[in-house]
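Down below is the structure, laid out as structure tokens.
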Amino acid sequence: AIETLTDASLSLPEPSRHELLKEIQRAASRLHQLVENLLDMSRLDSGRIHPKLEWCEIGDVFSALYRRFEPDISSHSLEFKVMDHMPLIFIDPGLLEQALAHIIQNAIRYTPAESSIEISARLVDSQLHLTVLDQGVGIPENALPHLFEKFFRVAGTSSEGTGLGLSISKGMIESMHGTITAANAPGSGLFVTIQIPVETMTPILKAPPYELDQNTGH
């Protein structure tokens with residue numbers, strides 16, 4: 001595409017130039033993702049990824065994921081759900097966001113257009129439970145035990161990805177002493193479950209520096 005655009009002997013119409021530029025952008029994005037994945041995997045393999053724990057709201061992690069995907073995703077809808085009265089959790093929000101992003105990206109790549117992907121969070125006995133449910137066809141049962149292995153791809157699927165995303169997610173979750181599993185959902189789709197032990201804290205609501213007018217509510 002670059003050679004075509006820089007060939008002075010060719011006179012390309014504007015729509016063709018625009019399409020070639022879009023293809024260069026897509027290829028650069030794929031290359032960038034490949035390099036990032038290889039760097040992440042290298043850091044995981046060498047033990048150089050260490051969680052930086054802080055108090056955060058899981059809703060903030062979900063908001064960051066929405067902002068990450070919203071500009072470029074039009075083929076799928078993302079649905080984020082958080083249990084009522086979710087407390088603050090002590091976790092590495094950036095690492096958690098990255099791990100979930102790889103899972104969501106994988107769901108986008110291998111599920112039908114116009115389908116939805118549901119990401120939910122709840123707290124069970126001091127464990128953060130996260131699930132990602134897509135509306136694809138699932139994967140063969142004999143492939144499930146290998147899904148989080150490096151460079152693994154389900155036979156017959158697209159070779160567009162690097163085969164590292166889910167393995168990176170697994171490494172990041174395990175660095176926070178968590179576990180990640182996958183199963184075929186009843187009916188259709190893949191159901192990815194993450195469990196991470198966390199400390200929790202009830203948010204403290206500070207009193208506003210003013211008094212509400214009892215009549216107007218202002």
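What follows is calculated from the coordinates using simple rules that are stated; it is not laboratory data. None of the values given here were measured: they were computed from a predicted structure. So basically every Cβ, Gly included, is an ideal-geometry build from the backbone, and we count neighbours across all protein chains shown.
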Separation between Cα centres of segment 53-76 and segment 124-196, rounded to whole Å: 19
Distance in nm between pseudo-label sites at ALA1 and GLU57 (7 Å out along the Cβ direction from Cα): 3.9
Choice from HIS177, HIS85, HIS50 with maximal GNM fluctuation in the chain (Cα, 10 Å cutoff): HIS85
Modelled FRET efficiency - R0 22 Å, GLU19 with ALA113, Cβ distances, 0.05 increments: 0.60
Prolate/oblate/rounded label for segment 68-193 (Cα gyration tensor, a/c 1.5): prolate
Highest-MSF residue in the chain out of VAL132, VAL192, VAL124 [GNM, Cα springs under 10 Å]: VAL124
Structure-derived P(r) over Cα pairs in 10 Å bins from 0, in percent - corresponding label in (i) 8, 27, 27, 23, 12, 3, 0; (ii) 7, 27, 30, 18, 10, 6, 2, 0; (iii) 7, 23, 19, 16, 12, 11, 8, 3, 1: (ii)
Inter-label distance for ALA143 and ASP45, nm, one decimal - labels placed 7 Å from Cα along Cα-to-Cβ: 2.4
Karplus-derived 3J(HN,Hα), 6.51/-1.76/1.60, for each residue of segment 75-84, Hz, glycine and proline x: 8, 10, 10, 9, 10, 9, 10, 10, 4, 5
Listed residues PRO87, PRO197, PRO145, most fluctuating in the chain (Gaussian network, C-alpha, under 10 Å): PRO145
Trypsin sites (Lys or Arg not before Pro), loop per DSSP, at most 13 other Cβ atoms within 10 Å - longest free stretch of the chain: 53-205
